[in-house]
Amino acid sequence: ELPYQRLNNQLFYSIENIIHTTSIRPVLAHVDRYHPDDIADLMNLPLYAQINAESLKERKNRKWLSSYMEADRVVGFGSDLHGAEKDALKGYLKGLSKIGSKKEERVNAFAASFLKNAERLNKI
């Protein structure tokens, strides 16, 4: 999970260094929470993203996040449910309904493939 601020070069280069010096491909959690330009810079690296489904209720978010879904860079939809908030699940389901079942199925199929092919991190 990234810090709640605009991303700086130091963070970008730290992530880039992890990618280029290890076989680890990070999954950025909650990419919908951050500035689209910052995420675009990071998504130019060979890494993946997780999106909170509720953020897809907003058209502006669907627009910039769809390209990552279509490029098989999203490994899952999060609910961001951390308890029994009233009606929280409704937001998750509403967000998924806004992208349509084909796009949801594409992400879910890619996520299943991604997890199936994931290597164990025995060295950590």
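The values are calculated or read from the model by the stated rules, or taken from the named source; none is laboratory data. If you're wondering where the values come from, they're calculated on a predicted model, not measured in any experiment. Reconstructed Cβ throughout: ideal geometry from the backbone, glycine too, with neighbour counts over all protein chains shown. The area values use the complete protein model at the heavy-atom level, side chains included, leaving out ligands, DNA and RNA. Shrake-Rupley method; radii C 1.70, N 1.55, O 1.52, S 1.80 Å.
On the stretch given as region 1-44, residues that are hydroxyl-bearing (Ser, Thr, Tyr) and not in a loop (DSSP other than H, G, I, E, B) total 3.
Filter region 44-58 down to the residues that are farther than 20 Å from residue 15 by Cα and touching a residue at least 24 places away in the same chain (Cβ under 8 Å) and list them by number. Let's see the steps before the verdict.
So the first thing to find is which residues in region 44-58 are farther than 20 Å from residue 15 by Cα, and the list is 52-58.
Hits for region 44-58 are 52, 53, 54, 55, 56, 57.
Do we have any residue at all in region 87-96 that's buried (at least 17 other Cβ atoms within 10 Å of the Cβ) and more than 15 Å from the chain's Cα centre (by Cα)? Yes, region 87-96 contains at least one residue that is buried (at least 17 other Cβ atoms within 10 Å of the Cβ) and more than 15 Å from the chain's Cα centre (by Cα).
On inspection, residue 61 fails the criterion of being open to solvent by less than 30 Å² (accessible area, probe 1.4 Å), in contact with a His (Cβ under 8 Å, 6 or more places away or on another chain) and not aliphatic (A, V, I, L, M). Based on what the data block shows, is residue 106 in contact with a helix residue (DSSP H, G or I) (Cβ under 8 Å, 6 or more places away or on another chain) and either hydrophobic (A, V, I, L, M, F, W, C) or open to solvent by 60 Å² or more (accessible area, probe 1.4 Å) (or both)? So residue 106 passes the test. Answer yes if at least one residue in region 15-25 is over 19 Å from residue 96 (Cα atoms), open to solvent by 70 Å² or more (accessible area, probe 1.4 Å) and of a type in the set (D, E, K, R), and no otherwise. Looking through region 15-25, at least one residue is over 19 Å from residue 96 (Cα atoms), open to solvent by 70 Å² or more (accessible area, probe 1.4 Å) and of a type in the set (D, E, K, R). What's the total number of residues in region 66-86 that are charged (D, E, K, R) and surrounded by 14 or more Cβ atoms within 10 Å (Cβ to Cβ)? The number of residues fulfilling the criteria is 3.
Being open to solvent by 60 Å² or more (accessible area, probe 1.4 Å) and in contact with a helix residue (DSSP H, G or I) (Cβ under 8 Å, 6 or more places away or on another chain) is the filter here; which residues of region 26-45 pass it?
Initial filter on region 26-45 (open to solvent by 60 Å² or more (accessible area, probe 1.4 Å)): 27, 33, 35, 37, 41, 44.
33, 41 - these are the residues of region 26-45 that are open to solvent by 60 Å² or more (accessible area, probe 1.4 Å) and in contact with a helix residue (DSSP H, G or I) (Cβ under 8 Å, 6 or more places away or on another chain).
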